[in-house]
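One structure is given below, encoded as structure tokens.
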Amino acid sequence: MSATQGWHAASGRAFGGPLKYVQRAGEIDRLAGHLKPLGKTAFLLVDGFVFEKLGKSILASLEGSGLALTVERFNGECCREEIDRVTALVTKAKADVVVGIGGGKTADTAKLAAIANEARIAIVPTIASTDAPTSAIAVTYTPQGVFKESFMLPRNPDVVVVDSALIAKAPVRFLVAGIGDALSTWFEARSNLESRSNNFIAGGYPAPIAGVAIAKVCHETLMRDALAAKIAVEKGALTPAVENIIEANTLLSGLGFENCAVSAAHGIHDALTVLDETHSFFHGEKVAFGVLCLLMLEGRPLAEIEETARFCKTLGLPCTLADLKLTKVTADDIERVAKAALKEGSITWRVAVPLSVAIVRDAIIALDAFTSALFREAQP
């Protein structure tokens, strides 16, 4: 029996996830059937772009359902001001179901407003760019987009409804960003297993065997199907590879990170938001760079770092500071990132190696030097 297996046996385990996950082409048109078992009064928080493009068709699909409906446009940032605004509107509507339709920030705002109102939760992701839809965690930012804090919620969404045809028609950058986010799942699960850190379920327990298995198969799915899915979505096509990657980005990554926890890949992502230049990048794009930094920080074999970097490069995910528009970044700027990554309570502390501001700073600098040289040599 390994030390990790013994720790599991002695310390218990816990597993969590959404009550139901449904993924199928055209499923958004069947939304009423998923909402009716949850309540009678639904509050729909809809991402701005989705509101403009699909608002009328979504409402049309709900006509005749018998549900009382309130529709509100999401203002774009999961910040305290927006959370409070939406929470008050849900209260006013006396909604017993809150539906978040859009990306990860829309989902997290909907989850927080639902919990505050003791309402049921339905999440309808329209892109596969993060694993937020399935989790009982909500990440908040300042109105300017700087990471603020994460909240552990008392329960997961009741239902997650994924229309794979809709997601396949979204710009491919969203899917690729989701791959970057999902790429962290196994690497960060490994970090937490090695440091014997608890997961995010019921106050924190060792990762269950099921959670570890899901994290591993998430990684295997990405390695096998990511490039094929990207090529298909660039043409708006829905193929088995696309279906697999949507599931990996949304369900497998969501279950994997919540049941095994995250570490420095997300910690460095959060810290990168202190640099204004990174605000134009998606969550998963910054997480992908954080994954590479995590591998360097943990002293993983260069062959593993190179393999992961080449995977990211093939998909168009950031591998260097220059890829994040940080060509003019100074050592002091990187030190600011390192300090933010190691603030009290940061998930970066979950790695099983010694940490200091200097160690994190130098890991980022060394990773950038390695990948910059790697891809400079690859140029004709």
Number of positions in region 152-184 that are polar (S, T, N, Q) and closer than 30 Å to GLU118 by Cα: 2
Looking only at region 282-332, and only at residues there that are out of contact with any Pro (no Cβ under 6 Å at 6 or more places or on another chain) and of a type in the set (Phe, Trp, Tyr), the one that is surrounded by the most Cβ atoms within 10 Å (Cβ to Cβ): PHE282
Subset of region 64-101 [on the phi > 0 side of the Ramachandran plot and surrounded by 16 or more Cβ atoms within 10 Å (Cβ to Cβ)]: GLY76
Every residue from region 137-162 that is over 22 Å from GLU344 (Cβ atoms) and either in a strand (DSSP E or B) or open to solvent by less than 10 Å² (accessible area, probe 1.4 Å) (or both): PRO157, VAL159, VAL160, VAL161, VAL162
Single condition PRO380 does not satisfy, out of (1) over 23 Å from PHE200 (Cβ atoms); (2) open to solvent by 50 Å² or more (accessible area, probe 1.4 Å); (3) modelled with pLDDT of 95 or more: (3)
Some residue of region 255-267 being in a helix (DSSP H, G or I) and surrounded by fewer than 24 Cβ atoms within 10 Å (Cβ to Cβ): no
Residue list for region 319-332, restricted to those being closer than 14 Å to LYS286 by Cα and in contact (Cβ under 8 Å) with a residue 40 or more places away in the chain: CYS319, THR320, LEU321, ALA322, LEU324, LYS325, LEU326
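Could you check region 191-216 and list, in sequence order, the residues that are of a type in the set (A, V, I, L, M, F, W, C), closer than 18 Å to THR134 by Cα, over 17 Å from the mean Cα position of the chain (by Cα) and at pLDDT 95 or above?
ALA207, ALA210, VAL212, ALA213
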Hits in region 311-337 - residues which are of a type outside the set (Ser, Thr, Tyr), at pLDDT 95 or above and in a loop (DSSP other than H, G, I, E, B): GLY316, LEU317, PRO318, CYS319, LEU321, LYS325, LEU326
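The values are calculated or read from the model by the stated rules, or taken from the named source; none is laboratory data. A quick note: this is a predicted structure, and the numbers were derived from the prediction, not measured. Note: ideal-geometry Cβ built from the backbone for every residue, glycine included; neighbour counts use all protein chains shown. In case anyone asks, the SASA skips ligands and DNA or RNA and just uses the protein heavy atoms, side chains included. Shrake-Rupley method; radii C 1.70, N 1.55, O 1.52, S 1.80 Å.
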